[in-house]
Structure formats: C-alpha cells, structure tokens
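Just so you know, all these numbers are worked out from the coordinates, no wet-lab data involved. Only a predicted model underlies this, so the values are computations on that prediction, with no experimental measurement involved. Don't worry about glycine lacking a Cβ; one is built from the backbone with ideal geometry, like all the others, and counts go over all protein chains shown.
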Amino acid sequence: MARRATLKLKKRDVRLKDIPLYYKGLIENKVTIGVHKREGREVGSGELPNKANALEKAFWNEFGTTHVVKRDFRKKSKTDGKFITLKAGTIIRIPARPFIRLYLYSDRVKRVFTEYKNSFNRAFMNGLKQPKTNAKETLKDVAYRGEIVMKEGIVGQNDLQPNAPLTVYLKGFDYPLFETGAMLNAIRGQVEKS
C-alpha cells in the first residue's frame, strides 16, 4: 500500500544536505511484520506428534491444511482432564484462518497508516536533525506499531472460523489461533536491510 505525503519546509527548518541522508536511511531498510523464520523456529513446540513450530502453525492457519496422524497420539483434555487418543490414520483438518491477510486489509491498519501519514511531517522533521539514526528509528516505530496491531487482530478476532468441538474439548476453550501463545509471541515487526 503506497501513500503520498506532502512536506512543506521553511528556511532553516533543515539543512538541505540532510534530506538525501534521511531518505537514504529509509530506502536502505524495509519493515516486515509477521512470523519470521528465526522467531518461528525458536518459539514453538506443538502438541501434534510432529512438534510443529510457530512458523509452521502460522502458515497452516493462514492457508489451512490437512494432517494425517502417523502414529497413535494421546492428549489430555484441559476441559475435564481425560485423555483422548487419535489413532494413526486419523485426518485432522485445519481450516484457513487468514489472520495475516485480514490484518493487511483491515480498517484498523488503514487508520494506523493514515495516522502515520498525518504525523509523518513531524517525524520527518525530527528525523532530519539526525538523519543517519532517525530514519531507522522511524522504521522501527512503524514495525513496532504494525506488530501490536497484528497481535491485537488475533486477540480481538471475531470473523475467523470457530474451532471444532473436539478442539474446544482438548483446549478447554474456543479461541481460534490461540492455545499456548507461542504463535502470537512469535509475531514480530522488524527492520531489515533492503
């Protein structure tokens, strides 16, 4: 999503030679928000027999998937403490719950970036005072806000497909995309070199 901002400068607001330095800092870096490879692999151990990590869980939930249980698998219900056994060959279907795509097109994200557009002049003016450091700081702020908005979208989600009755029984509650918090905690906003 590209947005255009207009900047009005007065004489002595900035040194003209600082403008290219600030833009160079913005262009040399990029912001990414989501479950990144490093965090996704570090965080998780799932309760499926294959010990899925947070990155795999995020992918499966975003696009949906089907798993076939390879060996008998026991899991204790958090509802009543009883064990349930999934037999080898059992098919587990995870429906698509596109939390990343919903995030990208949500009104909340549009509002956040509209706020950025409206406050960009101030940030730009402050950034020009120390162009080499503040371009990256501006992007870190964008990354942090994006991370918070994406996490809030998961915590406050309303329009995702509900969990299956067996899933609710095993988890002890009906809350799609959340069980241990590993996937939620793996979501990061970060600044990387372009």
Once label points are set 7 Å from the Cα along Cα→Cβ at both residue 24 and residue 79, what is their separation, rounded to one decimal in nm?
6.2 nm
For residue 178, distant residues with modelled amide H under 5 Å away
none
Go through the range 94-102 residue by residue and turn each phi into a ³J(HN,Hα) via Karplus (6.51, -1.76, 1.60, θ = phi - 60°); whole Hz please, and just put x for glycine and proline.
10, x, 5, 10, x, 5, 6, 5, 4
On a full-extension model of 0.36 nm per residue, what is the gain between residue 105 and residue 90, subtracting their alpha-carbon distance, rounded to one decimal in nm?
1.9 nm
Taking Cα centroids, how far is the range 53-119 from the range 136-175 in Å?
10 Å
Which of the peptides 183-191, 99-107 is most tightly packed, and how do the rest follow, going by the mean number of other Cβ atoms within 10 Å of each residue?
183-191, 99-107
For residue 144 and residue 68, what is the calculated FRET efficiency with R₀ set at 45 Å and r taken between the beta-carbons, to the nearest 0.05?
0.70
